[in-house]
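For reference, the structure discussed in these notes is given below.
The values are calculated or read from the model by the stated rules, or taken from the named source; none is laboratory data. Computed from a prediction, not measured in an experiment: that's the story for all the values here. Every residue, glycine as well, gets a Cβ built from its backbone with ideal geometry; the counts of neighbours run over all protein chains shown.
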Amino acid sequence: MVKTFKTVILVFIIVFSFYVTCMAKDYSNFNGLIESSKKIDNNKITLKGEAIGECMNRGEYSWVNISDGSTAMGIWIKSDQAQSIKNFGKYGYKGDIVKISGTFNRACTQHGGDMDIHAISVEIIDAGGNVKIPISSSKKVIAIILTIITLIFTFIYIRFTKGTSK
Amino acid sequence: MNKTRKSLDDLKIINFYVGYVIMGTASLMLIPMVTSLIFKEWSVLLDFTISINMAFSLGIFLMLTGKNKVDKVKVQWKHGLIIASSSWLILTFLCAVPYELSGKTASFLDACFDVMSGFTTTGLVLTQDLDHISLGLNMWRHIITFVGGQGMVVLALSFMVKHTLGAYKMYVGEGKDVGLVPNVKNTARLIWKISIVYLIIGTVSLWINGMFIGLQPVSAFFHGLFIFMSAWSTGGFAPMSQNILYYHSLSYELLTMIFFVIGSLNFALHYAVWQGNKKEVFKNIETQSFFITALIISFFTALKLTNSGVYSNGISVFRKGIYNVLSAHTTTGFGNLYARQFATEWGDFPVVMLIIAMLIGGSACSTAGGFKGLRLGVVFKSIIAEVNKLLNSDRKIKVFKIHHIKEIVLEDGLVKSAYLIITCYIILFFIGTALGTYYGYPVLSSAFEAASVTGNVGLSIGVTTPTMPNVMKIYYIIAMYLGRLEFISVFALIGVSFGGIKKLWLKLLKQ
C-alpha cells in the first residue's frame, strides 16, 4: 500500500514538473521580452495583448500587431486564425484582447530580422468593440467664447487696415 | 526718448511678422479639423476649434500692434533672426494645445516636446498610446513635421503678397541661406512646389504599396500620406507606436528609404536637377560628402553586425543595419527596431557609428538636421588646403574651390563659419551627454540620445520616455530648437531678451 502511495506521489511529481518545464512562459509586458530577447530566442512563449491597427493579409499568413499598452509586437499568424480576431484597437475602438502562443524570434530570418512571434494558437480572451468618447461641455463653451473673440479681433483688424489705407 | 521709440518700433515690426507667421501656420489646423469632421471625431474637432481660435486671436493681436509700422521701418538682420526664432517658440506653445486637450500627453511639457520634435523634424515622441490617437491629431502631428521641414517662415513668405521687404532676413533666420531664384518669395514658393510635387508622387506610391501589403484602401492612403510627410521632411514620426516596424514590409521600407534620402538633399540641388542639370548630383560637394560618409559608416556597421552574429543573413543586415544607418545619417529617425535593441543587441561599435552618422546629418538648406555634409566637405577641403600650403613654397598660391551648384572659392570666412557651427553642435552634444549621465543613464545611451536631439534625428535608445526627468526634456527641447535653427537666430533672440531685461533692470534701479 505504502509502495503504491509512493509511486503515485512520484508519478504526480514527475508529471507536474514536466508540465511546468514545458509550459511556455507567459508575457504580458513586452518590454521584458525585448530586454531578454537573446535568452528566449526561438523559445515557445505565450503573450497577451490588444490587437491594434488592422490585420495585414499576406496570403496564407497575415501580420497582426498586438500591444501591451505601451509596446506592440508583430505576430505572424495563419490567415484563417487571424479571422477570429474581429476588433482592432484604434481611436474610438478597443481591440480584442488575445492570447497568443508561438515561437519568439529575436531576429527572424524569414522576415528580414524583425523581432516577431510565429503564432501556433490564438485565443480571444476579451472581445473589444466601440468605445464612446465623451464630448466635454466646458470645451464647447470655451470654443464658442474663443470664436467670438477671434471674430472681434478680425473685425477690428479689418477696420484698422481700412482706416490706415485711407 | 528717441532710443525708446526706436526699440518700440523694433518690437512692433517684429510683432507684425511674428503674428503673420502664426496666422499662416495656425491656418493649417483647418486640415485636421476637416479630417475630424469627415471621420466624425467630434471631441477632436472641438480641441482644434479651441486651438485655432487661440492662435488666430494672438496672431491678429500681434499684427494689429505692428500694422502702423510695417513698410515704414526697415527690416534689419536682427529683426529677421528674432522673427524666425520667436515665431518658432510661440508656435510650439500654440500647436501643443491640441495635444494637451487630447489627453494623450502626461503634461503640457510633453506636448511642447512633441511639437518641437515635429517642427525641428526630430521625431522623438512622448505622446502616449499612439495606437489609439485620432486621425485628426495624427494628421496634425505629420503636418507639423512636414511644415517644420520646409519652415514656417518659408510657408508664411510663400503667401505673402505685400510687406516682403525684409523677407530674405527672415528666411535666413530660419536656417536656410540658399536662394533658388533671385526673389526670396519665389524661392519660398519654389520650395513648396518641389515639396508638393513629391508629396503627391510619394503618397500615391506608398498608398498603392500599402494596399499590396494588406492595408485597407482608406487606411493605406492615410498611412501613405503620413509616412511620406515624415520621410520627406526627414521627420521620423509614424502613425503607429512601432514606427516602420508596424508594416513588416521590405517594399515599404525601400520606398521610405528613397524618399528620406531625396528629402535630405539640398533644395537648390532639387531645383538644379529640375532645370535639367543632372550632373550636379555627382559634382556637388554635399552629395559627394553624403555618399562617402554613408558608404563608410554603412560598411563598418554591416561588418560588425555580421561578424558579431546579430543578424545571420544579408537581407536582415540590410533591413536593420543599413536602413537605420541611412535613417540616422539623413536625420530621419524612422526605425524598424525597438529602441532598446540598439543597446541590448547591437553592441557599442554600431551605436558609435550611428552617433557619428546622426551628428553629420544631411544637406544644408534641406529638411535634414546635423551639422551638414556641406560643412564637413568645407572642413575636409580646408584641411587639404592647409596641408598643401605647408608643403608648397610661399610663392606658389593655389586657390581651392568647392562645387556647390556653382564653383565657390574656399575663403577664410566660409571655413570659419563651418568650424563655428560644427563647434556649437559638438558643445550641444557634449552637454546633452553629460546631462544624461548625471541622471544615471549609461554614457553610450546618453551620447546616442544627445546626438539624436542635437542632429534632429529622432532615433532613440530608450532614454526618451514620458518618465524621464523634466530637466532633460527641457534640455532636449532647447537642443532640438538650437540644432534646427543653427544657433545664430536663437542667439540673437537670447541677446535681445537679455539686453532688454538689463535695460529694464537699470531703469528700475535709477528710479
With the condition kept exactly as written, say whether any residue in region B:283-304 is touching a Phe, Trp or Tyr at 6+ places or on another chain (Cβ under 7 Å) and assigned to a helix (DSSP H, G or I).
yes
Taking region B:48-83 and the residues there that are part of a helix (DSSP H, G or I) and in contact (Cβ under 8 Å) with a residue 60 or more places away in the chain, the one that is nearest to the other protein chains (Cβ to nearest Cβ) would be B:Phe48
Inside region B:323-362, the number of residues satisfying the requirement of being of a type in the set (Val, Ile, Thr) and within 11 Å of chain A (Cβ to nearest Cβ) is 1
Quick check on my filter: what residues within region A:111-135 are surrounded by fewer than 15 Cβ atoms within 10 Å (Cβ to Cβ) and either more than 7 Å from chain B (Cβ to nearest Cβ) or under 22 Å from the mean Cα position of the chain (by Cα) (or both)?
A:Ser121, A:Glu123, A:Ile125, A:Asp126, A:Ala127, A:Gly129, A:Asn130, A:Val131, A:Lys132, A:Ile133, A:Pro134
Quick one: how many residues across region B:390-443 are over 30 Å from B:Phe491 (Cβ atoms) and in a helix (DSSP H, G or I)?
2
Options A:Gly95, A:Gly74: the member that is surrounded by 15 or more Cβ atoms within 10 Å (Cβ to Cβ), at pLDDT 95 or above, touching a Phe, Trp or Tyr at 6+ places or on another chain (Cβ under 7 Å) and at the interface with chain B (Cβ under 7 Å from one of its Cβ atoms)
A:Gly74
Could you pull out the residue among A:Ser121, A:Ser67 that is under 22 Å from B:Ile133 (Cβ atoms) and either in the same structural domain as A:Lys38 (by TED's automatic domain parsing) or in contact with a Leu (Cβ under 6 Å, 6 or more places away or on another chain) (or both)?
A:Ser67
Sort through B:Lys6, B:Lys12 and tell me the only one that's surrounded by 16 or more Cβ atoms within 10 Å (Cβ to Cβ) and among the basic types (Lys, Arg).
B:Lys12
For region B:289-302, state whether one or more residues are surrounded by fewer than 20 Cβ atoms within 10 Å (Cβ to Cβ), among the aromatic types (Phe, Trp, Tyr) and under 16 Å from B:Gly362 (Cα atoms).
yes
Hey, A:Lys139 modelled with pLDDT under 95, charged (D, E, K, R) and under 20 Å from the mean Cα position of the chain (by Cα) or not:
no
Applying the selection to region B:213-228, what residues are surrounded by 14 or more Cβ atoms within 10 Å (Cβ to Cβ) and either part of a helix (DSSP H, G or I) or more than 10 Å from chain A (Cβ to nearest Cβ) (or both)?
B:Ser219, B:Ala220, B:Phe221, B:Phe222, B:His223, B:Gly224, B:Leu225, B:Phe226, B:Ile227, B:Phe228
